[in-house]
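Student: Just passing along the structure, written as structure tokens.
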Amino acid sequence: VTTKLTWRGGYRLLSPSEVLTKLNTGFMARQGTSGLTVSAVYGTLDTRDGTLCYSSAGYPPPLLVNSGVAEALSAGGPPLGTCEGVEFHSGQATITPNGVLLLLSDGFEHAFSGDRAAPVSSPSSLRSLITERCASDLIALSRRVSQGGLPSTMLEQFADSLDQDTGSLHQQDDMTLAVITRLAP
């Protein structure tokens, strides 16, 4: 992954969209006819003010929960390795004090797949990519973190929910969840 351009006497950090565009170009050149694709998120976070610059390739998008309100951060493009010449787009958001950023792998689209829970107030773009119950659980747990709960506790509680789900021992894809929270000053 190339994250900066260097030259004699200086350098320039690449934007998240430039990083994913370069990564896709390299991936397409190396993959041949394998048909493999990769979902990815790349971003930079200014820890002083919570400014996040991001880009994503594939799905699901990162989920930002500020003051209990969930927002899917959907700037980006298709999974890496699907199209040559794709230019990815960047987005910008702010993680407010006590805000929570969730990074989910694409395996989450199958989590709680047998569940038919009633609709929840989650971003519609996220609802179309993961089940209602999964979105509802993630948002509820994120709200607890934003109220002072520990991210590690959130991860443990969500893992317990997954373990109790029917068929959880036979997931169709890997599931990875990263939780980033910004503490209040």
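Student: Considering each residue of segment 89-109, count those that are modelled with pLDDT of 85 or more and open to solvent by 10 Å² or more (accessible area, probe 1.4 Å), and give that number.
Tutor: Number satisfying all stated conditions: 10.
Student: Select from segment 111-136 the residues that are assigned to a helix (DSSP H, G or I) and at pLDDT below 60 and write down the one among them that is least open to solvent (accessible area, probe 1.4 Å).
Tutor: It comes out as 126.
Residue by residue, here is whether (1) aliphatic (A, V, I, L, M); (2) within 16 Å of residue 102 (Cα to Cα); (3) not in a strand (DSSP E or B) holds:
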residue: 49; (1), (2), (3): no, no, yes
residue: 52; (1), (2), (3): yes, yes, no
residue: 61; (1), (2), (3): no, yes, yes
residue: 65; (1), (2), (3): yes, yes, no
residue: 74; (1), (2), (3): no, yes, yes
residue: 82; (1), (2), (3): no, no, yes
residue: 86; (1), (2), (3): yes, no, yes
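Student: Just for segment 1-19: of the residues that are among the small types (Gly, Ala, Ser) and under 20 Å from residue 79 (Cα atoms), which one is most open to solvent (accessible area, probe 1.4 Å)?
Tutor: Filtering first and then ranking leaves 15.
Student: May I ask you to list pairs of residues, at least six apart or on different chains, whose Cβ atoms are under 7 Å apart, with the first in segment 47-60 being at positive phi and the second being of a type outside the set (D, E, K, R) and open to solvent by 20 Å² or more (accessible area, probe 1.4 Å)?
Tutor: Qualifying pairs under 7 Å: 50/94; 50/96; 58/39; 58/40; 58/78; 58/79.
Student: Among the residues of segment 1-35, write down those that are out of contact with any strand residue (DSSP E or B) (no Cβ under 9 Å at 6 or more places or on another chain) and farther than 16 Å from residue 86 by Cβ.
Tutor: Answer for segment 1-35, where residues must be out of contact with any strand residue (DSSP E or B) (no Cβ under 9 Å at 6 or more places or on another chain) and farther than 16 Å from residue 86 by Cβ: 2, 7, 8, 9, 10, 32, 33, 34, 35.
Student: To continue, here is another question. Those residues that are closer than 26 Å to residue 44 by Cβ and either open to solvent by 40 Å² or more (accessible area, probe 1.4 Å) or at pLDDT 80 or above (or both), I need them from segment 144-176; list them, please.
Tutor: 150, 152, 155, 174, 175, 176
Student: Need the failing condition index for residue 22 against (1) under 11 Å from the mean Cα position of the chain (by Cα); (2) free of Cβ contacts under 8 Å to residues at least 24 places away in the same chain, just the number.
Tutor: Here residue 22 meets the rest and fails (1).
Student: Does residue 23 satisfy the criteria of being farther than 30 Å from residue 136 by Cα, touching a Phe, Trp or Tyr at 6+ places or on another chain (Cβ under 7 Å), open to solvent by 30 Å² or more (accessible area, probe 1.4 Å) and hydrophobic (A, V, I, L, M, F, W, C)?
Tutor: No, not satisfied.
Student: Among the residues of segment 59-79, write down those that are among the aliphatic types (A, V, I, L, M) and either more than 22 Å from residue 27 (Cα to Cα) or buried (at least 24 other Cβ atoms within 10 Å of the Cβ) (or both).
Tutor: 63, 64, 65, 69, 70, 72, 73
Student: Something else now. Going by what's in this entry, would residue 21 be described as modelled with pLDDT under 85 and either of a type in the set (Val, Ile, Thr) or in contact with a Ser or Thr (Cβ under 7 Å, 6 or more places away or on another chain) (or both)?
Tutor: So residue 21 does not fit the description; no.
Student: Now for a different question. Hey, can you tell me all the residues within segment 20-44 that are farther than 12 Å from residue 77 by Cβ and part of a helix (DSSP H, G or I)?
Tutor: Once the filter is applied, which keeps residues that are farther than 12 Å from residue 77 by Cβ and part of a helix (DSSP H, G or I), segment 20-44 yields 22, 25, 26, 27, 28, 29, 30, 31.
The values are calculated or read from the model by the stated rules, or taken from the named source; none is laboratory data. None of the values given here were measured: they were computed from a predicted structure. We place every Cβ from the backbone using ideal geometry, glycine too, and count neighbours over all the protein chains shown. Areas reflect the complete protein model, heavy atoms only, side chains present, ligands, DNA and RNA absent. Shrake-Rupley method; radii C 1.70, N 1.55, O 1.52, S 1.80 Å.
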